[in-house]
1. Given a Förster distance of 60 angstrom, what is the FRET efficiency for Lys412 paired with Thr58, based on the Cβ-Cβ distance and rounded to 0.05?
2. Taking a temperature of 4 °C and a viscosity of 1.567 mPa s, what whole-number D in µm²/s does Stokes-Einstein yield for the stretch 1-100 with Rh from Kirkwood over alpha carbon pairs?
3. Could you give each residue of the stretch 87-94 its phi-based ³J(HN,Hα) in whole Hz, using Karplus coefficients 6.51, -1.76, 1.60 with θ = phi - 60°, and x for Gly or Pro?
4. For the stretch 167-248, which semi-axes, largest first and in whole Å, follow from the square roots of 5 times the eigenvalues of its Cα gyration tensor?
5. Can you compute 3J(HN,Hα) from phi for each residue in the stretch 311-319, using the Karplus curve 6.51 cos²θ - 1.76 cosθ + 1.60 with θ = phi - 60°, rounded to whole Hz and x for Gly and Pro?
6. Sort Thr276, Thr291, Thr96 by accessible area with a 1.4 Å probe, largest first.
7. Which value, in Å², gives the accessible area per residue of the stretch 1-332 when a 1.4 Å probe is used on the protein heavy atoms?
8. What is the Cα convex hull volume of the stretch 275-432 when expressed per residue in Å³?
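The values are calculated or read from the model by the stated rules, or taken from the named source; none is laboratory data. Note that this is a predicted model, so its numbers are computed, not measured. Positions of Cβ are backbone-derived with ideal geometry, glycine not excepted, and every protein chain shown enters the neighbour counts. The protein model used for the area step is the full one, side chains on, heavy atoms only, and it has no ligands, DNA or RNA in it. Shrake-Rupley method; radii C 1.70, N 1.55, O 1.52, S 1.80 Å.
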Amino acid sequence: MFYNEAMETAPLEKIQDIQWQKLKDMLEKVYRSNRFYQNSFKKHGVALEDIRELSDITKLPFSTKKDFQKDQEDNPVFGTNLTEPFENYVQFHQTTGTTGKPLKWLDTKESWAWRARCMAHSLAAAGITNKDILLLPFNFGPYTAFWGVYEAAQHLDVLTIPTGGWTTEQRLQSVIENQATVIIGTPTYMLRLAEAAQEEGLDLPGSAIRVVILAGEPGAMIPSVRDKLERGWGARVFEYPGLTETGTYAFMCEHNNQALHIIESEFIVEVLDSTTGKSVADGEAGELVLTNLGRSCSPAIRYRTNDRVRLIKSSCSCGRTFGQLIGGVLGRQDEMLIVRGVNIFPSTMGNIVEKFMELGCEYQIIAFRQGDMDEVRLKIEVTPTSQDVDKLIVPELKKQLNLRVDIEKVPKGTLVRSDYKGKKFIDERGKR
Ligand SMILES: [Zn+2]
């Protein structure tokens, strides 16, 4: 299902025209009254007149999370990435702060509505209509992701059930009693709900839920996670990625559960080699760099997401021409480890480990430094029936990644869990 079929299936040239028009309009506003980008562009010697066509975007400097963090520190309270007068801003959100001090982000009514429209692409692509009942099993805190879903659902006239402040048990009861058809959350929490239902003897696969949408961390394209969720919920699993700094920028369609479509009518996407800053070839892995086109009040221009992706031109049978990220977000660019000469991304390692973990058992990948070398240790939870799981994991890691790894087994329930994101990768390399 489409949110905007004409746009989503438009020829590439038309999409590029739209991108250029939107970019030009945004840059005019930003050059006029956004101090953050005025300073950045000036520092890099780029004038508005230098940007004459879409491909000139590469003349603009990158922006990073650190830049915004520093700006907000130097210019309290909200920094200088604000194009409009303060009184126009009506929405406050902040990042979860997993890397450094949380970033605050403000939106105007217009940019908030734009965010909802981006999110609506994701809901529509998962086949959600106004006949669905959407249950939101999370607390409505300052994190933007779930508010965005709520706004998009309202925009699409979907009935929503908020369950903030409720326990896992109450939420499960609500799913069944109110015959919710769609549920959205992090993979960690969706697995936990499925596990809790099993423990309580609730028949989730027999419930009305037909779609589970994942947000906050990747999961739908990790086969073992998808399998567990599909079985636990008796539902199809979708996913969308988004960042507080950029908004929801991609979605999974009903025809391909191994890729995400980029919303190219609202975002300009680049994939770069992190070290050279140059574009990589189609299909090669690199860092995702995004420019959003509908949020000129607090834009992200050439924003380095630190997310590792692989972008190809669309070849999807759904008919969309929006480019695709194969395998979704593959991991964090800065989490790369070099263990005895082998480059390893914790997310790749996690995908292998995940396959062997029993439902409800967690694992952690811990990176640390020994002398000048990166080392990695794996902590896994086991139950009496899965005691020997390490004997399967060790050879598989050796085979697929050429990695020897120490495994520490702990009883199920030992590792920290959270309703939001599970902390699966612990980087202790910076610590002395
Ligand atoms: Zn598709």
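1. 0.75
2. Diffusion coefficient, whole number: 81 µm²/s.
3. Per-residue couplings from phi come out as 5, 7, 8, 10, 10, 10, 9, 9 Hz.
4. 22, 14, 11
5. Using θ = phi - 60°, the values come out as 10, 10, 5, 5, 9, 8, 6, 6, x Hz.
6. Thr276, Thr96, Thr291
7. I get 41 Å² per residue for the stretch 1-332.
8. In the stretch 275-432, the Cα convex hull volume per residue is 192 Å³.
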